[in-house]
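J.: Could you have a look at this structure, given as structure tokens, before my questions?
The values are calculated or read from the model by the stated rules, or taken from the named source; none is laboratory data. The structure presented is a predicted model; accordingly, all values stated were derived computationally and were not measured. Cβ placement follows ideal geometry from the backbone for every residue including glycine, while neighbour counts extend to all protein chains displayed. Accessible surface is based on the protein model in full, side chains and every heavy atom, while ligands, DNA and RNA are left aside. Shrake-Rupley method; radii C 1.70, N 1.55, O 1.52, S 1.80 Å.
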Amino acid sequence: MTAFHTETGTDLKKAALFLEADETVAIPTETVYGLAGNALHEKAVHKIFAAKKRPLYNPLIVHIKGLEELDKYAKEIPAVAYHLFEHFSPGPLTIILPKKSIVPDVTTAGKADVAIRIPNHPLTLELLNQLDFPLAAPSANPFGYISPTIAEHVMKQLGGKIPYILDGGPCRQGLESTVIGFQDGVPFLHRLGALRLEELQSFLPDIRFKMNDNTAPVSPGMLSQHYSPNTVMYLAEDLSPIINNNCRKKIGVISLSREYPEILPERMVILSSNADLNEAAPKLYAALHYLDSLELDMILVERMPEYGMGLAMNDRMERAAAKFS
Ligand code: TXA
Ligand code: MG
């Protein structure tokens, strides 16, 4: 694989030139940073898989600039998919639809369906407007690791492997998009995400759950081990007993609002002092990245309340912790 001197900047022209030459570029979105390439060129898509060390069975999301592009890449689009996109896009909603043949098999990992979303970030929307192709973009992290929410996370994880990081500042939502699909017209939730379940349900009251199927993952974001730090990590409702049982260990803590006085201040991240899940969610991954960099013995994460963004946060942290259970 080519080694690069990775540059970070806000130069859209430069990003476009790399992408037009079938190179990969990290792009900001409202959810997490993506590692983008021309979704219609096998060569570019292969480079995304290689840089991430992502298994080829794991399909990519195709990012388009607007709803008017949808039927270029997908077919048999149910009316409700249009309504959902009209309502929630640009935004953190990904919909899986039957693909048109213009989308190469490698992009969808051989699946007959393609996952599509319209990202809500001004730089990336402007970039998509300058390009005459859509962007395949998984989260810009090595396979299985925590997703990046600032340009520095990308540099740390993929520096040297990609030519350019388009810096759009910290991701506003900080959790991946919500992924849905249809089976015989019935909507299924494939991945909880930054579009809150309650909001989705207000639109799709009959949505069903399709998760935790580890034998043949429909969406590898559903694999039980994913999004993990290198440091051993546990998730629990109350962290005090674990802290007390491990008093000789170097422990990092992520809590919603509670202080744990036994923990050194630099190892303690409180996500929202007034327990606001919307304030907490965008900070979760950055907190994990930070604590993982301290080379501690363990990271303890408090389980969030089971509503709103708490659902997706718990989902990710369960998968992150599964590696160590
Ligand atoms: O917020 C996001 O969705 C970010 C930003 C960059 O857009 N992207 C992201 O991509 O999280 P990735 O590749 O890390 O996760 C995409 C998820 C995976 O679980 C993948 O398996 C699933 O979507 N997926 C993609 N295409 C699919 C398809 N055709 N059928 C089923 N699942 C699919
Ligand atoms: Mg990912």
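J.: Tell me the residue from I102, I95 that is part of a strand (DSSP E or B) and modelled with pLDDT of 95 or more, please. It would help to see each step written out before you state the result.
T.: Numbers: I102 fails: part of a strand (DSSP E or B).
Only one candidate passes the filter, namely I95.
J.: In this structure, is S293 at pLDDT 95 or above and more than 22 Å from V232 (Cβ to Cβ)? Don't jump to the end; show me each part of the working.
T.: On the way: at pLDDT 95 or above: yes; more than 22 Å from V232 (Cβ to Cβ): no.
No.
J.: Let me confirm something: among P119, P148, which residue is within 8 Å of ligand 1 (Cβ to nearest atom), under 16 Å from the mean Cα position of the chain (by Cα), in a loop (DSSP other than H, G, I, E, B) and buried (at least 24 other Cβ atoms within 10 Å of the Cβ)?
T.: Working: P148 fails: within 8 Å of ligand 1 (Cβ to nearest atom).
Result: P119 is the single residue among P119, P148 that is within 8 Å of ligand 1 (Cβ to nearest atom), under 16 Å from the mean Cα position of the chain (by Cα), in a loop (DSSP other than H, G, I, E, B) and buried (at least 24 other Cβ atoms within 10 Å of the Cβ).
J.: Filter segment 191-212 for residues that are more than 16 Å from ligand 1 (Cβ to nearest atom) and open to solvent by 20 Å² or more (accessible area, probe 1.4 Å); which is nearest to G310 (Cα to Cα)?
T.: We begin by selecting, within segment 191-212, every residue more than 16 Å from ligand 1 (Cβ to nearest atom); these are 198, 201-206.
The next check asks that each one be open to solvent by 20 Å² or more (accessible area, probe 1.4 Å); those that pass are 198, 201-203, 205-206.
On the way: E198: 11, Q201: 16, S202: 18, F203: 20, P205: 20, D206: 21 Å.
Taking the candidates together, the pick is E198.
J.: Tell me which residues, restricted to segment 156-190, are open to solvent by 40 Å² or more (accessible area, probe 1.4 Å), modelled with pLDDT of 95 or more and farther than 30 Å from D11 by Cα.
T.: The answer is F182, and nothing else.
J.: Of all residues in segment 270-307, count the ones that are open to solvent by 30 Å² or more (accessible area, probe 1.4 Å) and part of a strand (DSSP E or B).
T.: Residues that pass the stated criteria total 1.
J.: Using the structure shown, decide if K111 is more than 12 Å from ligand 1 (Cβ to nearest atom) and either under 17 Å from R191 (Cβ atoms) or assigned by TED's automatic domain parsing to the domain that holds G168 (or both). Don't jump to the end; show me each part of the working.
T.: On the way: more than 12 Å from ligand 1 (Cβ to nearest atom): no; either under 17 Å from R191 (Cβ atoms) or assigned by TED's automatic domain parsing to the domain that holds G168 (or both): yes.
Answer is no for this residue.
J.: Would you call K14 within 29 Å of K100 (Cα to Cα), out of contact with any Pro (no Cβ under 8 Å at 6 or more places or on another chain) and more than 16 Å from ligand 2 (Cβ to nearest atom)?
T.: Details: within 29 Å of K100 (Cα to Cα): no; out of contact with any Pro (no Cβ under 8 Å at 6 or more places or on another chain): yes; more than 16 Å from ligand 2 (Cβ to nearest atom): yes.
No; evaluated as a whole, the condition is false for this residue.
J.: Further question on the same structure: What are the residue pairs meeting all of these: first residue in segment 18-38, first residue within 13 Å of ligand 2 (Cβ to nearest atom), second residue basic (K, R) and modelled with pLDDT of 95 or more, Cβ atoms under 7 Å, and 6 or more apart or on different chains?
T.: L35/K52
Okay, residues lined up against (1) crowded, with 18+ Cβ neighbours inside 10 Å; (2) under 14 Å from F133 (Cα atoms):
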{"site": "A3", "(1), (2)": "no, no"}
{"site": "T29", "(1), (2)": "yes, no"}
{"site": "G37", "(1), (2)": "yes, yes"}
{"site": "V45", "(1), (2)": "yes, yes"}
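J.: Further, regarding this structure: Mind listing just one residue for me: the one in segment 95-108 that is within 18 Å of the chain's Cα centre (by Cα) and of a type in the set (A, V, I, L, M, F, W, C) and, of those, most open to solvent (accessible area, probe 1.4 Å)? Working first, answer last.
T.: Within segment 95-108, the subset within 18 Å of the chain's Cα centre (by Cα) is 95-96, 107-108.
If we keep only those that are of a type in the set (A, V, I, L, M, F, W, C) too, we end up with 95-96.
Numbers: I95: 0, I96: 33 Å².
Filtering first and then ranking leaves I96.
J.: Filter segment 122-145 down to the residues that are surrounded by fewer than 23 Cβ atoms within 10 Å (Cβ to Cβ), within 26 Å of P229 (Cβ to Cβ) and either among the hydrophobic types (A, V, I, L, M, F, W, C) or outside the structural domain of G34 (by TED's automatic domain parsing) (or both) and list them by number.
T.: Of everything in segment 122-145, just one residue is surrounded by fewer than 23 Cβ atoms within 10 Å (Cβ to Cβ), within 26 Å of P229 (Cβ to Cβ) and either among the hydrophobic types (A, V, I, L, M, F, W, C) or outside the structural domain of G34 (by TED's automatic domain parsing) (or both), namely F143.
J.: With the condition being hydrophobic (A, V, I, L, M, F, W, C), I'd like the helices (runs of 4 or more DSSP H) fully within segment 1-85 carrying at least 2 qualifying residues. Step through it out loud before you land on a result.
T.: Details: elements: 12-20, 42-52, 70-73.
Once the helices (runs of 4 or more DSSP H) in segment 1-85 are filtered for at least 2 residues that are hydrophobic (A, V, I, L, M, F, W, C), what remains is 12-20, 42-52.
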